[in-house]
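The values are calculated or read from the model by the stated rules, or taken from the named source; none is laboratory data. Quick caveat, the model's predicted, so the values are computed rather than measured. For neighbour counting, all protein chains shown are included, and Cβ atoms are generated from backbone atoms with ideal geometry for every residue, glycine included.
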């Protein structure tokens, strides 16, 4: 039986849904599971960790792990992987995971697969499916090593609400600090802003907004929906939106329940960032805009005219 | 210009495809050239595999890179990130480098592993997804990294590896003069033997992973597109979102 270690995704002291999703998939393919949680003051997360569905929990809880640092975080994962004798180590999709996974793979002499959408056992070896070339193709990759480290695409696996774990806690010793790459400071994003990667609804603004007024108009829609507020690369390059708001291949990959592309043409790099969304609504003046090829619902119109009506209609429906 | 990829019998059809420098690597080249201009750094480019890379390397020279090498060997055909990292390890160990710069990921594989694995093999500190670099002194950089909770400021001791994100800079367009001079500049070409190693030492015969097939992505198809009176169609769509799709 395979042994899968899932790295818990913890953001601002909260255990994210990807943890349960990954554990559910691991259980579904018949693996024995464990979870490793790394951070500072995370003891209170233990019930959530157990609830996420693993049979074993490894916890590295130390003040020195309060801020992310790839070296020490990788060391904790490797420690847990060795103690558990994991065949596979899975991470949810995040910047931290992308920084840590290759280190863990190198240290465990394991293959490393990023952004996988599926994992299968095929005649004695593992195979994974992953998108490539800005999501234009899928690769079927054969893993030749006994062990594999993978970063899983956002929303690739579904959480099994029935899955429950049992409490078996192992506390890991704090790892040595990375003396040559020292995290000095974290300049956080505005605390009240909704994280794009977690939002159930994401509203993104594109070049159709034309100016700051347009941006504010779409932002108001996002706020009324309590949605994440994102942007196309064009708006980031033009200085209207911060880089961390960019949805796309060179920005964030999101997979919300509802994605609203407002004034966005649908360049392939943008699509790579959001085509995993459950439902896509597009608003664009140009009936030929490529975004309409992927949108479940498309409104051809000027966003300055449509967005106020959208806001009105949504208010009506929700009251 | 739209890139159309055709998959036939599990492989990508290469006819008519033009190869260009990886977008993120271009930012890496620009980072190096800026370090040359601002801090007197000596810059060397290394490119691995891919057949005829001359145009791409010349373009980097035209941007300001001082020397370059192209390492190509039939044994590298199935190279994965780990094998590329071993080759780069050999290059690093044969020289006297303080900083290795790679792009954060490759536009074709979208893997994002090579630079980080190289740092592990070399036992060097590494910061990935870098969006800003400040030189503090000969041995120290202050780098900004785009992390999950915000921008992480890291004090980095050299020698080190950084992988850069597109937002770090705007790669310059090579000027005509640069392009003319680049045509005369040599590119050191080496196979694995010339590099002082072998296919066996690098582990070429046993990549940790290999692509066994390419498949077309399940095309997400468009649903319904509404044109006409804005008030009418918008109301209709909101109703569908709430009652049909049930997402509102």
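Assuming residue A:299 fulfils every condition listed in (1) buried (at least 24 other Cβ atoms within 10 Å of the Cβ); (2) free of Cβ contacts under 8 Å to residues at least 24 places away in the same chain; (3) more than 9 Å from every other protein chain (Cβ to nearest Cβ) apart from one, which condition is it?
If we test residue A:299 against (1) buried (at least 24 other Cβ atoms within 10 Å of the Cβ); (2) free of Cβ contacts under 8 Å to residues at least 24 places away in the same chain; (3) more than 9 Å from every other protein chain (Cβ to nearest Cβ), just (3) comes out false.
In the range A:1-28, which residue that is over 19 Å from residue A:154 (Cα atoms) and more than 18 Å from the chain's Cα centre (by Cα) is modelled with the highest pLDDT?
Among those residues, the one meeting the criterion is A:3.
Restricting to the range B:166-197, what's the tally of residues that are within 11 Å of chain A (Cβ to nearest Cβ) and over 22 Å from residue B:92 (Cβ atoms)?
Number satisfying all stated conditions: 3.
Quick check on this structure: which one of A:70, A:101, A:111, A:106 is at the interface with chain B (Cβ under 9 Å from one of its Cβ atoms), more than 22 Å from the chain's Cα centre (by Cα) and within 21 Å of residue A:148 (Cα to Cα)?
The unique qualifying residue is A:106.
State whether one or more residues within the range B:29-50 are out of contact with any helix residue (DSSP H, G or I) (no Cβ under 8 Å at 6 or more places or on another chain), crowded, with 20+ Cβ neighbours inside 10 Å and within 30 Å of residue A:110 (Cβ to Cβ).
Taking every residue of the range B:29-50 in turn, none turns out to be out of contact with any helix residue (DSSP H, G or I) (no Cβ under 8 Å at 6 or more places or on another chain), crowded, with 20+ Cβ neighbours inside 10 Å and within 30 Å of residue A:110 (Cβ to Cβ).
Any residue that is assigned to a loop (DSSP other than H, G, I, E, B), free of Cβ contacts under 8 Å to residues at least 40 places away in the same chain and within 17 Å of the chain's Cα centre (by Cα) - is there at least one of those in the range B:69-83?
no
Of all residues in the range B:198-220, which are within 22 Å of residue A:111 (Cβ to Cβ), more than 8 Å from chain A (Cβ to nearest Cβ) and assigned to a loop (DSSP other than H, G, I, E, B)?
Matches in the range B:198-220: B:203, B:204, B:205.
Being more than 20 Å from residue A:11 (Cβ to Cβ) and either in contact with a strand residue (DSSP E or B) (Cβ under 6 Å, 6 or more places away or on another chain) or within 11 Å of chain B (Cβ to nearest Cβ) (or both) is the filter here, so list the residues in the range A:173-206 that pass it.
A:178, A:179, A:180, A:181, A:182, A:184, A:203, A:204, A:205
Do we have residue A:309 as in a loop (DSSP other than H, G, I, E, B) and not assigned by TED's automatic domain parsing to the domain that holds residue A:94 here?
In short, no.
I'd like the full set of residues that are facing another protein chain (nearest Cβ under 7 Å), in contact with a helix residue (DSSP H, G or I) (Cβ under 8 Å, 6 or more places away or on another chain) and surrounded by fewer than 20 Cβ atoms within 10 Å (Cβ to Cβ), limited to the range B:231-246.
B:231, B:235, B:242
Here are A:25, A:16: which of them is in contact (Cβ under 8 Å) with a residue 60 or more places away in the chain, surrounded by fewer than 24 Cβ atoms within 10 Å (Cβ to Cβ) and more than 14 Å from chain B (Cβ to nearest Cβ)?
A:25 is the lone residue from the list that is in contact (Cβ under 8 Å) with a residue 60 or more places away in the chain, surrounded by fewer than 24 Cβ atoms within 10 Å (Cβ to Cβ) and more than 14 Å from chain B (Cβ to nearest Cβ).
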